[in-house]
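Chemist: Structure provided below as structure tokens; questions to follow.
The values are calculated or read from the model by the stated rules, or taken from the named source; none is laboratory data. Not measured: the values here are computed from a predicted model. All Cβ positions, even for glycine, are placed from backbone atoms using ideal geometry, and neighbour counts span all protein chains on display. Keep in mind that these areas ignore ligands, DNA and RNA; they rest on the heavy atoms of the full protein, side chains included. Shrake-Rupley method; radii C 1.70, N 1.55, O 1.52, S 1.80 Å.
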2 protein chains.
Amino acid sequence: MPRYRATVTITLRPAILDVQGKTVEQALHALGFTTVEHVRIGKHITFELEAADRSIATEQCNAMSNQLLANPIIEDYRVTIEDVEP
Amino acid sequence: MPRYRATVTITLRPAILDVQGKTVEQALHALGFTTVEHVRIGKHITFELEAADRSIATEQCNAMSNQLLANPIIEDYRVTIEDVEP
């Protein structure tokens with residue numbers, strides 16, 4: 001079966017307060033980067049998987065995101081699939 | 001001054017063991033996603049900043065990454081800069 005490289009980017013939904021982001025923003029201001037605003041911190045997850053084709057790989061990554069990787073109540077996710085060169 | 005939207009992606013260096021990634025990998029196997037391998041978990045940080053031009057914005061983001069956002073001993077970072085529509 002073909003192998004794919006998946007990237008799942010997980011971000012907090014815009015309505016959710018990002019406490020970690022706020023803390024980093026204040027630290028950046030204290031370091032002199034005073035124009036920085038709207039800091040949001042999410043996750044960047046990469047892995048490889050096998051699937052019959054690209055659309056099945058995408059479907060599996062969506063299922064993984066909904067079941068484990070993301071918290072769909074407060075987070076959005078975006079899946080990108082690339083071929084792995086054999 | 002023009003505003004830019006920055007994305008900083010922070011990943012563990014390839015030689016560094018990703019304990020969190022390993023744990024997620026085992027959980028995905030337990031859920032039936034048995035072909036998943038090489039799970040690596042990094043950070044996806046987005047923010048806006050002001051700078052005279054794009055190259056100064058990039059330079060500032062590199063400085064922020066080295067000083068605060070990433071741990072250069074064990075992590076790599078990648079900066080992407082986009083224009084913010086006024």
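Chemist: Quick check on A:V19: is it exposed (fewer than 14 other Cβ atoms within 10 Å of the Cβ) and not acidic (D, E)?
Modeler: Working: exposed (fewer than 14 other Cβ atoms within 10 Å of the Cβ): yes; not acidic (D, E): yes.
Against the criterion (exposed (fewer than 14 other Cβ atoms within 10 Å of the Cβ) and not acidic (D, E)), A:V19 qualifies.
Chemist: Which members of the stretch A:26-52 meet the condition of being in contact with a Phe, Trp or Tyr (Cβ under 9 Å, 6 or more places away or on another chain) and farther than 21 Å from B:G42 by Cβ?
Modeler: The answer is A:E37, A:E50, A:A51.
Chemist: Now for a separate question. Tell me whether the stretch A:71-80 contains one or more residues that are closer than 23 Å to B:T34 by Cα, open to solvent by less than 60 Å² (accessible area, probe 1.4 Å) and touching a Phe, Trp or Tyr at 6+ places or on another chain (Cβ under 6 Å).
Modeler: Checking the stretch A:71-80: not a single residue is closer than 23 Å to B:T34 by Cα, open to solvent by less than 60 Å² (accessible area, probe 1.4 Å) and touching a Phe, Trp or Tyr at 6+ places or on another chain (Cβ under 6 Å).
Chemist: Can you name the strands (runs of 3 or more DSSP E) wholly within chain A that have at least 3 residues being more than 7 Å from every other protein chain (Cβ to nearest Cβ)? Even if it seems obvious, please write down each step before you answer.
Modeler: On the way: elements: A:3-12, A:37-50, A:75-83.
Ranges flagged: A:3-12, A:75-83.
Chemist: Please state which one of B:A52, B:A6 is open to solvent by 50 Å² or more (accessible area, probe 1.4 Å) and at pLDDT 95 or above.
Modeler: Working: B:A6 fails: open to solvent by 50 Å² or more (accessible area, probe 1.4 Å).
One residue alone meets the criteria, B:A52.
Chemist: So, one more: Kindly establish whether B:V84 is under 29 Å from A:H29 (Cβ atoms) and buried (at least 19 other Cβ atoms within 10 Å of the Cβ).
Modeler: So B:V84 does not fit the description; no.
Chemist: Tell me, please, whether a residue that is within 14 Å of B:T35 (Cα to Cα), touching a strand residue (DSSP E or B) at 6+ places or on another chain (Cβ under 6 Å) and crowded, with 18+ Cβ neighbours inside 10 Å can be found in the stretch A:24-41. If you could, list the steps in order and put the result at the bottom.
Modeler: Applying the first criterion (within 14 Å of B:T35 (Cα to Cα)) to the stretch A:24-41 yields none.
No; the residues of the stretch A:24-41 include none that is within 14 Å of B:T35 (Cα to Cα), touching a strand residue (DSSP E or B) at 6+ places or on another chain (Cβ under 6 Å) and crowded, with 18+ Cβ neighbours inside 10 Å.
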